[in-house]
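Report on the following structure.
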Amino acid sequence: MMSTKAFTLVSAVERELLMGDKERVNIECVECCGRNLYVGTSDCFICHFLLEEKTLPAGTATFTATKQLHRHLGFKKPVSELRAASALNRLLVLCDNSITLVNMLSLEPVPSGARIKGAMALALNENPVNGDPFCVEVCIISVKRRTIQVFMVYEDRVQIVREVSTPEQPLAVAVDGHFLCLALTTQYIILNYNTGVSQDLFPYCSEEKRPIVKRIGRQEFLLAGPGGLGMFATVAGISQRAPVHWSENVIGAAICFPYVIALDDEFITVHSMLDQQQKQTLPFKEGHILQDFEGRVIVATSKGVYILVPLPLEKQIQDLLASRRVEEALVLAKGARRNIPKEKFQVMYRRILQQAGFIQFAQLQFLEAKELFRSGQLDVRELISLYPFLLPTSSSFTRSHPPLHEYADLNQLTQGDQEKMAKCKRFLMSYLNEVRSTEVANGYKEDIDTALLKLYAEADHDSLLDLLVTENSCLLIDSAAWLEKHKKYFALGLLYHYNNQDAAAVELWVNIVNGAIHDSTRADLYEYVVDFLTYSSNQELVWKYADWVLQKSEEVGVQVFTKRPLDEQQKNSFNPDDVLTCLQKYPKALVKYLEHLVTDRGLQREEYHTHLAVLYLDEVLQHRPGASSKGAEVTETQAKLRHLLQKSDLYRVHFLMERVQRAGLPMESAILHGKLEEHEKALHILVHELKDFSAAEDYCLWRSEGRDPPYRQQLFHTLLAIYLSPGPSAPELAVAAVDLLNHHATEFDATQVLQLLPGTWSVQLLCPFLMGAMRDSIHTRRTTQVALGLAKSENLIYKYDKMKLKGSSIRLSDKKLCQVCQNPFCEPVFVRYPNGGLVHTHCATSRHTNPSSPSPGART
């Protein structure tokens, strides 16, 4: 129990210092910010005082106020309220329903003249939602009926951000975040101005008593309730503290933890928030103002200002900690800041935060403990050391002295309760994961990451793998032993890989796949190993395990060679011939790799193309249902073989021809005959053996691709001739011939075709062909006429130029020199250029064959 004498009442500003000989001037409001005390008067003055605190030998404090400045606001109304915004160096002054911004030192209004008009009362949001440190959030009761307005106040401007309607006229307001606590005409309510949701608290009668609404902490308010009760309410509309009993006639309230201070007409009463008992009563008549400012409690009459000074709290803090009353101890510690030198306070306060953190931790209040550890800058190894075996054996850490807590280890703290122990370990996992990348971890990241790895492994936590595949400082020896102990072999492999021991990692994973050791972390571990080797730059390691991956699965294992990074393929880090030698025992992988070389990389080597074709052929023959493939469905491999035979020009045609013919594959034989320009043989196979007329047409198109029109025409004429040749299949071939002519009319010489066709065929039968042939003939004739006309025009131009040249005479003598070789002419034979220059015929010839020769003219 704290001392009954919790406060001493000390005069701060005497009447004479404040008002001089002005009898009728009264104090209307006060504001205190640090050492600055501001007083608003009934005659519209603001007075600025500087408070100086002195501690007497007896331990009591006294205050001396020095008047700095006073200034008249220019109104005839009293100053209603004062609020300091120290971050902006501004004082918000409410007078005559207008809030003016003035400089905190000069008391001059801001040059911009920024102000908020139509305000009856104001409240500052001490838990702002904006996040801008250079503005304050102000909530006002507007002169507009049933209206609350929210403003952002900057150094020289104001900005309205929200206007909220209330069910009744508001009389008093306090704000925390998005929540407004309002005293309306008949009740108190909580209103979230962001969502518009309101929560009724309890009724009261504003005509009988003055409402009190005061924010006392984060999301909590103190209200003057019915029956002389000081009621606490959270933004959720509930009370987490028991009410305090004060006078029915309370006119003001303040908080100085752990006390609630109340003011009525005759007394100041001090009530404990811990046991709700009244602890102290101070006679104080004619008081009408009671406010607290950052732990300093000020009361005032209409003529004087006084300060309630709390007694020293250092011992009380330790007592509170010893009795596990953490919150009160911390708030008391903050309140003790003014009584302790800064450096000493910082050391003391950090230690108190750390002690409080361990108290909360022991009570399993982990969120609160985490914030206290962070605020107190706890060496996280103090926390890790509670958990047996988590700190590395190489760690040199020793606990703080005197100790921050009374526990030897986690077993003692939880008294062997496994559920509590599991919760503590989950908290440490979360906390270490949060602090490992912050300044808290500087200097001992190895201890933190190693401890985190051990916790993850023990709890079989998914984050173990995330830790090991990202940057970490886990100590190899400690971590490896722990992972092996908990049978986390896949994770152990990741640890080896992170420490550049890839050979050890792969060996471990291979043993898992082979079943030598058990670890079910990854069901696709084999594929993971293949992928790992694919991107490994260690060729020796890849070759070492190449046979192993291929034996498991040829199609998947070959990816270590076929899916290597592009830069490695360009460097040919793995010689294809070496790979092919390795793959001789694995036919499926061999095919995949040759496809990679031929198709994906486009290597132009005959042996690769021939080898791939032979492998395709072998597989086709192996899976062929009968002796002949005629009429059989084309398999995927056979389609690949045909595509390769058609598109590639690098394989050995004669070598493959012999094998294909011996195997009885007519379509492939036709393609190879085509490669040898043996078109008649190829078409004969397609028409007479396979009776595949569509394939015959496609053959003509394929072989004539990129060739001149006569070559293409010759191919189609050859096919037509085969169709028209006599034989047992003549009727069927005749139909194919008609279709060929009608579908490819432009590919034929109509004159030759008409001479070949039987006289019994009707014009109607060949109508599409004849129309196409006529259209093509007319088009050819017209384009020829155009070309002839253009040639005649060009010829006429040249004739005209020639006539112009012949129209002038040329005199040639032995004194005339060739403009190319500069030698005289020996015979009357020469070449004349348009510019008049004369050259020897052999010099002109030399100039045309050697463009670098001197040029007398551009045109002969």
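Data table
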item: Search result, residues across the stretch 273-282 that are at pLDDT 90 or above and over 14 Å from Ser11 (Cα atoms); result: Thr281
item: Set Leu757, Leu812, Leu796, Leu805: member being aliphatic (A, V, I, L, M), more than 30 Å from Gly837 (Cβ to Cβ) and out of contact with any Cys (no Cβ under 6 Å at 6 or more places or on another chain); result: Leu757
item: Qualifying residue in the stretch 454-471 (condition: open to solvent by 20 Å² or more (accessible area, probe 1.4 Å), among the small types (Gly, Ala, Ser) and more than 22 Å from Leu494 (Cβ to Cβ)); result: no
item: Residue that is most open to solvent (accessible area, probe 1.4 Å) [pool: residues in the stretch 408-428 that are of a type outside the set (D, E, K, R) and over 14 Å from Phe361 (Cβ atoms)]; result: Gln415
item: Test for Leu580: is it assigned to a loop (DSSP other than H, G, I, E, B), more than 39 Å from the chain's Cα centre (by Cα) and either of a type outside the set (D, E, K, R) or exposed (fewer than 15 other Cβ atoms within 10 Å of the Cβ) (or both); result: no
item: Matching residues in the stretch 367-390 - criterion: being open to solvent by 40 Å² or more (accessible area, probe 1.4 Å) and hydrophobic (A, V, I, L, M, F, W, C); result: Leu367, Phe389
item: Complete set of residues in the stretch 756-812 that are under 30 Å from Ile722 (Cα atoms) and outside any helix (DSSP H, G or I); result: Leu757, Pro758, Gly759, Thr760, Trp761, Ser762, Val763, Gln764, Leu765, Leu766
item: Wholly enclosed helices (runs of 4 or more DSSP H) of the stretch 639-706 bearing at least 1 residues among the aromatic types (Phe, Trp, Tyr) and modelled with pLDDT of 90 or more; result: 653-663, 693-703
item: Scan of the stretch 326-337 for residues that are in contact with a Leu (Cβ under 7 Å, 6 or more places away or on another chain) and at pLDDT below 75, ordered by number; result: Glu328, Leu332, Gly335, Ala336
item: Ile116 hydrophobic (A, V, I, L, M, F, W, C), more than 17 Å from Ala85 (Cβ to Cβ) and outside the structural domain of Val297 (by TED's automatic domain parsing); result: no
item: Residues within the stretch 817-837 that are open to solvent by 80 Å² or more (accessible area, probe 1.4 Å), touching a Leu at 6+ places or on another chain (Cβ under 9 Å) and modelled with pLDDT under 85, tallied; result: 1
item: Some residue of the stretch 723-745 being of a type outside the set (A, V, I, L, M), open to solvent by 60 Å² or more (accessible area, probe 1.4 Å) and either in contact with a Lys or Arg (Cβ under 6 Å, 6 or more places away or on another chain) or not in a helix (DSSP H, G or I) (or both); result: yes
item: Residue among Lys675, Lys691 that alone is surrounded by fewer than 17 Cβ atoms within 10 Å (Cβ to Cβ) and of a type outside the set (S, T, N, Q); result: Lys691
item: The lone exception for Thr450 - which of (1) of a type in the set (S, T, N, Q); (2) in contact with a Cys (Cβ under 7 Å, 6 or more places away or on another chain); (3) open to solvent by 80 Å² or more (accessible area, probe 1.4 Å) it fails; result: (3)
item: Residue pairs meeting the criteria (Cβ under 7 Å; at least 6 apart or on separate chains; first closer than 15 Å to Ser777 by Cα, in the stretch 738-752; second among the basic types (Lys, Arg) and in a helix (DSSP H, G or I)); result: Glu747/Arg712
item: The lone exception for Asp519 - which of (1) outside any helix (DSSP H, G or I); (2) among the charged types (D, E, K, R); (3) more than 25 Å from Arg436 (Cβ to Cβ); (4) within 29 Å of the chain's Cα centre (by Cα) it fails; result: (4)
item: Residues being open to solvent by 20 Å² or more (accessible area, probe 1.4 Å), part of a helix (DSSP H, G or I) and more than 16 Å from Asp577 (Cβ to Cβ) - total across the stretch 592-613; result: 4
item: Single residue of the stretch 838-860 satisfying the filter (open to solvent by less than 70 Å² (accessible area, probe 1.4 Å) and modelled with pLDDT of 85 or more) that is nearest to Asp801 (Cα to Cα); result: Leu838
item: Test for Leu101: is it touching a Lys or Arg at 6+ places or on another chain (Cβ under 9 Å), at positive phi, of a type outside the set (Asp, Glu) and open to solvent by less than 40 Å² (accessible area, probe 1.4 Å); result: no
item: Pro709, sole failed condition from (1) of a type outside the set (Ser, Thr, Tyr); (2) open to solvent by less than 50 Å² (accessible area, probe 1.4 Å); (3) closer than 28 Å to Lys675 by Cα; (4) out of contact with any Lys or Arg (no Cβ under 7 Å at 6 or more places or on another chain); result: (2)
item: Within the stretch 511-560, considering residues that are of a type in the set (S, T, N, Q) and over 22 Å from Phe574 (Cα atoms), the one surrounded by the fewest Cβ atoms within 10 Å (Cβ to Cβ); result: Ser520
item: Residue among Leu107, Leu51, Leu37, Leu69 that is touching a Leu at 6+ places or on another chain (Cβ under 6 Å), part of a loop (DSSP other than H, G, I, E, B) and either at pLDDT below 90 or open to solvent by less than 60 Å² (accessible area, probe 1.4 Å) (or both); result: Leu107
item: Residue count for the stretch 86-104, restricted to those that are among the small types (Gly, Ala, Ser) and either closer than 27 Å to Arg146 by Cα or at pLDDT 95 or above (or both); result: 1
item: Unique residue being modelled with pLDDT under 80 and within 19 Å of His401 (Cα to Cα) when the list is Gln318, Gln346; result: Gln318
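The values are calculated or read from the model by the stated rules, or taken from the named source; none is laboratory data. Keep in mind the model is a prediction, meaning the values are calculated, not measured. Cβ sites come from the backbone with ideal geometry, for glycine too, and all protein chains shown count toward neighbours. Heavy atoms of the whole protein, side chains included, go into the accessibility calculation; ligands, DNA and RNA do not. Shrake-Rupley method; radii C 1.70, N 1.55, O 1.52, S 1.80 Å.
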